[in-house]
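Trainee: Just passing along the structure, written as structure tokens.
The values are calculated or read from the model by the stated rules, or taken from the named source; none is laboratory data. This structure is a prediction, so every number in the text was calculated from the model and none was measured. So basically every Cβ, Gly included, is an ideal-geometry build from the backbone, and we count neighbours across all protein chains shown.
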Amino acid sequence: MNLVLKGALRQQIVTQLESAFPDEAGGFLLGARVGDTTSVEAVVSIDNIFPEHERYHRYEMTPQDWMRLEDEADERGLTLVGYYHSHPNSLAIPSEYDRVHALPNFAYLITSIMPAGAAEMLAWHLQDDRTAFESDTLTLKED
């Protein structure tokens, strides 16, 4: 699978995630999916509602955030295609917590954030049987 992301959207994500460091942060990817390619047209940050003392390694949003973003995507002629979040002081690979809470058919964009800033951004999708994530190709597109 291939996740296509515009450079300006990548920078928007990185800026948000770096500003939340050392806590996790995240949001939604809005766009379209055609075949094995998911194109991201917009990103929307969502506040981390996890208890403050756990935010350094956990990120969560409310069900109302999901509903609101589904409506917003529809209004913009887009689809909720995925989710992005940071892994502060950790690799940009999905954790077991990520796997348990993930949905098939969603793109997952994880960014490793270190004290010096963003270190790596990787794309993933959950296997249909939900047992593991598979790596996707991340294509950065000029604006």
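Trainee: Scan segment 1-54 for residues that are under 23 Å from E134 (Cα atoms), touching a helix residue (DSSP H, G or I) at 6+ places or on another chain (Cβ under 9 Å) and part of a loop (DSSP other than H, G, I, E, B) and jot them down.
Mentor: Correct list: E24, A25.
Trainee: Something else: Are there any pairs, at least 6 apart or on different chains, whose C-beta atoms fall under 7 Å, with the first in segment 82-104 and in contact (Cβ under 8 Å) with a residue 24 or more places away in the chain and the second in a loop (DSSP other than H, G, I, E, B) and of a type in the set (G, A, S), and if so, which?
Mentor: H85/A25; S86/A25; R99/A132
Trainee: In segment 55-70, which residues are crowded, with 16+ Cβ neighbours inside 10 Å and within 22 Å of T37 (Cβ to Cβ)?
Mentor: Matches in segment 55-70: L69 only.
Trainee: Those residues that are more than 19 Å from V100 (Cα to Cα), among the polar types (S, T, N, Q) and without any contact (Cβ under 8 Å) to a residue 24 or more places away in the chain, I need them from segment 112-140; list them, please.
Mentor: Hits for segment 112-140: nothing passes.
Trainee: Select, from A107, A73, the only residue that is more than 25 Å from E18 (Cβ to Cβ) and either surrounded by 15 or more Cβ atoms within 10 Å (Cβ to Cβ) or within 12 Å of the chain's Cα centre (by Cα) (or both).
Mentor: Matching residue, one of A107, A73: A73.
Trainee: Going through S45, S19 one at a time, which residue ends up being under 18 Å from I113 (Cα atoms), hydroxyl-bearing (S, T, Y), modelled with pLDDT of 95 or more and within 12 Å of the chain's Cα centre (by Cα)?
Mentor: Exactly one residue qualifies, and that residue is S45.
Trainee: May I ask you to verify whether D143 is loosely packed, with under 12 Cβ neighbours inside 10 Å, charged (D, E, K, R), closer than 16 Å to L5 by Cα and touching a residue at least 40 places away in the same chain (Cβ under 8 Å)?
Mentor: When the stated conditions are applied, D143 passes them.
Trainee: Of A32, A8, A25, A20, which residue is closer than 26 Å to T137 by Cβ and touching a Lys or Arg at 6+ places or on another chain (Cβ under 9 Å)?
Mentor: After ruling out the rest, the residue left standing is A25.
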